[in-house]
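*Asks:* Quick one: this structure, given as structure tokens, is what I'll be asking you about.
The values are calculated or read from the model by the stated rules, or taken from the named source; none is laboratory data. Computed from a predicted structure; not experimentally measured. Glycine also receives a Cβ, built like all others from the backbone with ideal geometry; neighbour counts cover every protein chain displayed.
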Amino acid sequence: MSDSMLSESIPPSPRIKTYREIRPVIYSWSTPDLPKYAGWEKIGYTDQQTAAERVAQQASQMSIHKNLLWSRRALFTTEAGGRFTDHDFHAYLKQQGVERETTPKRTEWHRFSEAPKKSLEYFNDFAGQDFSDLQSSGTDDYVLRPEQQAAVDQAVAAFAATEAEVLWNAKPRFGKTLTTYHLMRTLDVRRVLMVTNRPAIANSWFDDFTRFIAHRTTFKFVSESPSLAGRSPMTREQWRGYSRDHQDARIVEFLSLQDLKGSQYFGGPYDKLRHVAQVDWDLLVIDEAHEGIDTAKTDVAFDQIKRARTLHLSGTPFKALASGRFDQDQIFNWTYEDEQNARQQWDHDGESKENPYAGLPTLNLLTYQISRMITDRLAEGVAIQEDEANIDYTFDLNEFFATKDNGFFEHETEVKKFLDCMATNEKYPFSTPQLRDEIRHSFWLLNRVASAKALEKLLRNHDVFKDYTVVLAAGDGKNDDSDPVAAGKALDKVRDAIAQAEESDGRTITLSVGQLTTGVTVPEWTAVIMLSDLASPAQYMQAAFRAQNPCIFERGGQVYQKQNAYIFDFAPERTLTIFDAFANNLHPNPSGDPMARQENIRTLLNFFPVLGEDAQGRMIELDAAQVLTFPQVFKAREVVRRGFLSNLLFANVGGIFRYSEHVKAILDKLPTAKQGKIKNDESFELPQPPPVTDRDGNVQVDAETVINPKVAELGKPVYRIEDLPSIEPDAPPQAAAKQIAAAVTEQTRQKREELKEAYGLTGKQVARDEKRTEQVVKDEVERAYVEHNIASKHLDDELKNAATEAEAEAVQAQRLEHDKAFQSSILAIVDKTMGEIVPEVVTREETKKEQKRADQTMDDARSHLRGFARTIPMFLMAYGDRGIRLSNFDDYTPDDVFEEITGITEAEFRLLRDGQEIQEENGVVTTIPGMFDGSVFDQSIQEFLDKKEALADYFNDAQTENIFAYIPQQKTSLVFTPQPVVKMMVDTLEAENPGIFEDPDKTFADLFSTAGLFLMELVRRLDTDLAPTFPDQQVRLKHILTSQVFEMSHNEILHRITIEAVSGGVAERKAWLQDSGHFKVGNLARMTAEERQAMTDDMLTEGH
């Protein structure tokens, strides 16, 4: 067959044409016909027609002339190539700051008349992936301050010494961003990852990068954080293209912790951030390290980051320091004290440069008792109303500002009083126009969103605060800035409100429930109002520093600089405890030496003054000793108010179980004081065998003799693996963990019933135990799933990249082994939990049983000690002066008087006070401490003496109580007659004997005086009615006290108390009484007739 015939018999090739060629084009055109678009260009894209055709089509639709400025292929010109659309180019123009039309709707029109480059130049840079000028607009140079350079040097040295982690404990405004960037340059690193728990602070990192770093390094700032919307960070996709074409490309990638934990590679549900897990980072920077990074999920996430070094940044890292995680050489400290000291020393050092610290305001802390603002109840003595004494004297701010279900305050009347006091009482910050002008913009921190909303309503309707713009920045109550969008909006609201207020000479109040407390700067804030019971020193000080931002502003044609910032706090005991922690506990090994702590406080007070209220409510500046003792002052005031019948006086009562029988005998001698009743002859019983406790009275139950035998008796729960839900490695972690936890609960139900019966547990207790166990199982199983899923994700990636069947089979085999190990780990969690259930309940219940036994004994011991403590005011009235302390209390009293009043000898008291040494079975001598809290005891003495002096002038009609309201009943036969009864009886005497107090020759005797209460009232009446006869009060009182009043008490201490009370504590009057011979010690009831007559004659003899 010929070739021609053969070719004719072969069917033609099929006509296959899958693709057609298109020419993607980016173009730019303008028009002279629309004045509003003068200087604007429309940037478009087409792949269906030519640029000229597309522009003509658009122009004809608008009936305008068009000028096609340029058109270019929409292809990258780099070696890697690739295509793009106008959306990509528009995003790049936004990064470059080119304005785009967005209202009334977003269009393709861009304004280039104000841009530094022409539109085609921007296009050429973008197509060539030339981002060299992106983020490089900054021109500022910088020189680190000495402390910043010291931080860099410390970190470099630590990393060189093979330390993997470094902590910078540096207060806000240290300049951590710039200093970190300089550390990057010094270490010559190439890949840096920054993670923060506060996304809102992304702006400060980006600002310093563009201002100081970008133009002098090859680093690029990469981030897709919503906080940087409208800024020009490089996207990850842009970075990938840029890094391929630039040999020395370096990256600083910024991530939020929330974004990181959301990735499958770090334990989350989303397939993202694979590159973060793959890169070997040179440096990981964890910003605001004090914030929430110690959770289990966070630990898992950080464990997945491969890095050579880690830098932790925090201004208040109390947790990290307390954990002992960092050694001394891993920590750089720069505290508020250091900053203020540097500020002060700058000029002294002869520096010619401008002081960089000059603009930093000084912090001032003013602390108030909120109870004084709404009630005077805490100023009253209740020793004679003992059943009313045991009210909680501390004030819970969170409870004070609590709200009802309808959104109004529970204590609305009291909150209104609080606001009125803030706005009218001159010692409070908003009480005068001048003060309100000093604190124009303030930040108020509360505990709940509902509280903030309720307070906003009251402020808007208050006579004074209605003139303020109130900004509610409360968020949703999460108590943090974790939502960057919400935090950004809140900050914008605050800044806008302040700007408008400044224009109209107005004022603002920002109410927050955690938002804006970290990483934001509002320079105009001059005060933080603490209305929340924040217990965390870190959170407290972070919030407090919001007012310390430097601020220079113009007002009324004058330029001002902020010099002072203020914290106003209404929980003084908490506040001053935090101040102590701030002065001392930011050191890696804080001293327990009281003198060392006091010295640290004294140094800090030079730069951070603290003012608090004294006993009269006056504001005084506190010294170091007062800062340390003020928490004791509030306890001491309560001790005095309750007539020393307070357990606040006692410490180390748990040591009672280690004392000798001699101590038991001493306590037996003391009467008991229980619920306001004094009882004698109640013996103190030590249980046998005595509980084993620590110094605080917490029992320690022996495992070998008590716990283990009971656990063995009850046995481990019996369960079958087959009854557990199947362990599916691919199941959602939370759902799987919940199912397994529920199965554990079901499998252990029978054993729970046995435990319930063995220990008499309630149904609610069993339910709580089940719930707690379920939560433990859920947490452990979920973490196991998360770690398994992370590893599985990496195996998935390996499988996708397997080039051969053999490689794929190897990965599959590895996956099977991985799944098998995972299932074993879940079963191990279940088995471990099963094994812990019985020991956990047995340990708790046996400990509870033993603790109850110990607590009853310790309460009994305290009741006997209160039987002694109730005598303290008596001794202070009779013998007390400013030198008396717990350590010398027995030196002030005669031995016989001490024993008569207390029931124990001074030697026995010293044993209770000083403790004793005992010899352990192994021969070691152990000191058992005494049972009194020395600091509270000593402070209570001073508080009582203050009260005694304040109430000494019984001639003052304005006084509503006397010192005897602070002295409790001593014995059943010794009762202080209430003041109203005394007045009533003297009124009766005067009614039956008119003019009796006008006669200078009349005499009055109290021959069974217990405290001089009747004599005080008699002297007061005589002083009033004899004024015409003796116009000079000094002469008048001398006549009354030496000629008209007589006293006899049946023992020495009551005699001395009478003299002290009647003399009003005035030394000269006391001498008159003692020299008169009219005041005696004696018991007429026990005298013979002859003795009584002799005593009477002696007292009435002229000159006596």
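*Asks:* List pairs: first in segment 323-342 and at pLDDT 80 or above, second surrounded by fewer than 21 Cβ atoms within 10 Å (Cβ to Cβ), Cβ under 6 Å, 6+ apart or cross-chain?
*Replies:* Gln330/Glu163; Ile331/Pro588; Phe332/Gln154; Trp334/Glu147
*Asks:* While we're looking at this one, here's another question. What number of residues in segment 184-235 are outside any loop (DSSP other than H, G, I, E, B) and among the β-branched types (Val, Ile, Thr)? Steps first, please.
*Replies:* As a first pass, look at segment 184-235 and keep what is outside any loop (DSSP other than H, G, I, E, B): 184-187, 191-196, 199-216, 219-222, 226-228, 234.
Those still in the list that are among the β-branched types (Val, Ile, Thr) too: 186, 192, 195-196, 201, 210, 213, 222.
The number of residues fulfilling the criteria is 8.
*Asks:* Checking Ala625 against (1) at pLDDT 75 or above; (2) part of a helix (DSSP H, G or I); (3) of a type in the set (Gly, Ala, Ser): exactly one of these is not met. Which one?
*Replies:* (1)
*Asks:* Okay, moving on. Go through segment 226-273 and count every residue that is of a type in the set (Phe, Trp, Tyr) and under 22 Å from His87 (Cβ atoms).
*Replies:* 2
*Asks:* Also, I was wondering about something else. Can you name every residue in segment 512-536 that is over 14 Å from the mean Cα position of the chain (by Cα) and modelled with pLDDT under 75?
*Replies:* Gly519, Val520, Thr521
Yes/no per residue for (1) under 23 Å from Leu167 (Cα atoms); (2) at pLDDT 80 or above; (3) in a strand (DSSP E or B):
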site	(1), (2), (3)
Asp294	yes, no, no
Leu313	yes, yes, yes
Thr316	yes, no, no
Ala358	no, no, no
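*Asks:* Further question on the same structure: Failed condition for Ala158, given (1) at pLDDT 90 or above; (2) surrounded by 16 or more Cβ atoms within 10 Å (Cβ to Cβ); (3) within 30 Å of Ala543 (Cα to Cα), with all others met?
*Replies:* So the condition that Ala158 fails would be (3).
*Asks:* Continuing with this model, one more query. Please find, among Lys1070, Lys1080, Lys1038, the residue that is outside the structural domain of Ala878 (by TED's automatic domain parsing), part of a strand (DSSP E or B) and either among the acidic types (Asp, Glu) or free of Cβ contacts under 8 Å to residues at least 40 places away in the same chain (or both).
*Replies:* The match here is Lys1080.
*Asks:* In segment 62-111, what residues are over 26 Å from Gly241 (Cα atoms) and assigned to a loop (DSSP other than H, G, I, E, B)?
*Replies:* Of everything in segment 62-111, those that are over 26 Å from Gly241 (Cα atoms) and assigned to a loop (DSSP other than H, G, I, E, B) turn out to be Ser63, Ile64, His65, Lys66, Glu101, Thr102, Thr103, Pro104, Lys105, Arg106, Thr107.
*Asks:* I've got another one for you. Can Asp946 be described as closer than 28 Å to Leu1037 by Cβ and exposed (fewer than 13 other Cβ atoms within 10 Å of the Cβ)?
*Replies:* In short, no.
*Asks:* Can you tell me which residue within segment 231-287, out of those that are in contact with a helix residue (DSSP H, G or I) (Cβ under 9 Å, 6 or more places away or on another chain) and polar (S, T, N, Q), is nearest to Lys176 (Cα to Cα)?
*Replies:* Ser256
*Asks:* For Ala544, all conditions in the list (1) in contact (Cβ under 8 Å) with a residue 40 or more places away in the chain; (2) farther than 16 Å from Ile439 by Cα hold save one; what is the number of the exception?
*Replies:* Ala544 satisfies all of (1) in contact (Cβ under 8 Å) with a residue 40 or more places away in the chain; (2) farther than 16 Å from Ile439 by Cα except (2).
*Asks:* Would you please name the residue that is modelled with the lowest pLDDT, looking only at residues in segment 922-964 that are among the hydroxyl-bearing types (Ser, Thr, Tyr) and not in a loop (DSSP other than H, G, I, E, B)? First the steps, then the outcome.
*Replies:* First pass over segment 922-964, keeping only residues among the hydroxyl-bearing types (Ser, Thr, Tyr): 926-927, 935, 940, 954, 960.
In the following step, the residues that additionally are not in a loop (DSSP other than H, G, I, E, B) were identified as 926-927, 935, 940.
On the way: Thr926: 77, Thr927: 81, Ser935: 85, Ser940: 93.
Only one residue tops the list, namely Thr926.
*Asks:* Moving to a separate point now. Identify, please: which residue in segment 575-616 is within 23 Å of Phe430 (Cα to Cα) and out of contact with any strand residue (DSSP E or B) (no Cβ under 8 Å at 6 or more places or on another chain) and is, among those, modelled with the lowest pLDDT?
*Replies:* Of segment 575-616, the ones within 23 Å of Phe430 (Cα to Cα) are 575-576, 608-616.
Keeping just the survivors that are out of contact with any strand residue (DSSP E or B) (no Cβ under 8 Å at 6 or more places or on another chain) gives 615-616.
Numbers: Ala615: 61, Gln616: 64.
Result: Ala615.
Residues checked against (1) in contact (Cβ under 8 Å) with a residue 24 or more places away in the chain; (2) within 26 Å of Glu770 (Cβ to Cβ); (3) exposed (fewer than 13 other Cβ atoms within 10 Å of the Cβ); (4) among the small types (Gly, Ala, Ser):
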{"position": "Ala806", "(1), (2), (3), (4)": "no, no, yes, yes"}
{"position": "Glu809", "(1), (2), (3), (4)": "no, no, yes, no"}
{"position": "Ala813", "(1), (2), (3), (4)": "no, no, yes, yes"}
{"position": "Leu816", "(1), (2), (3), (4)": "no, no, yes, no"}
{"position": "Ile826", "(1), (2), (3), (4)": "yes, yes, no, no"}
{"position": "Asp831", "(1), (2), (3), (4)": "no, yes, no, no"}
{"position": "Gly835", "(1), (2), (3), (4)": "yes, yes, no, yes"}
{"position": "Val841", "(1), (2), (3), (4)": "yes, yes, no, no"}
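Residue-by-condition table, conditions (1) small (Gly, Ala, Ser); (2) at pLDDT below 90; (3) assigned to a helix (DSSP H, G or I):
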{"site": "Asp769", "(1), (2), (3)": "no, no, yes"}
{"site": "Ala806", "(1), (2), (3)": "yes, no, yes"}
{"site": "Glu809", "(1), (2), (3)": "no, no, yes"}
{"site": "Ala828", "(1), (2), (3)": "yes, no, yes"}
{"site": "Met834", "(1), (2), (3)": "no, no, yes"}
{"site": "Val838", "(1), (2), (3)": "no, no, yes"}
{"site": "Val841", "(1), (2), (3)": "no, no, yes"}
{"site": "Asp855", "(1), (2), (3)": "no, yes, yes"}
{"site": "Leu865", "(1), (2), (3)": "no, no, yes"}
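*Asks:* From the set of residues in segment 162-216 that are on the phi > 0 side of the Ramachandran plot and either in contact with a helix residue (DSSP H, G or I) (Cβ under 9 Å, 6 or more places away or on another chain) or modelled with pLDDT under 85 (or both), which is surrounded by the fewest Cβ atoms within 10 Å (Cβ to Cβ)?
*Replies:* Thr162
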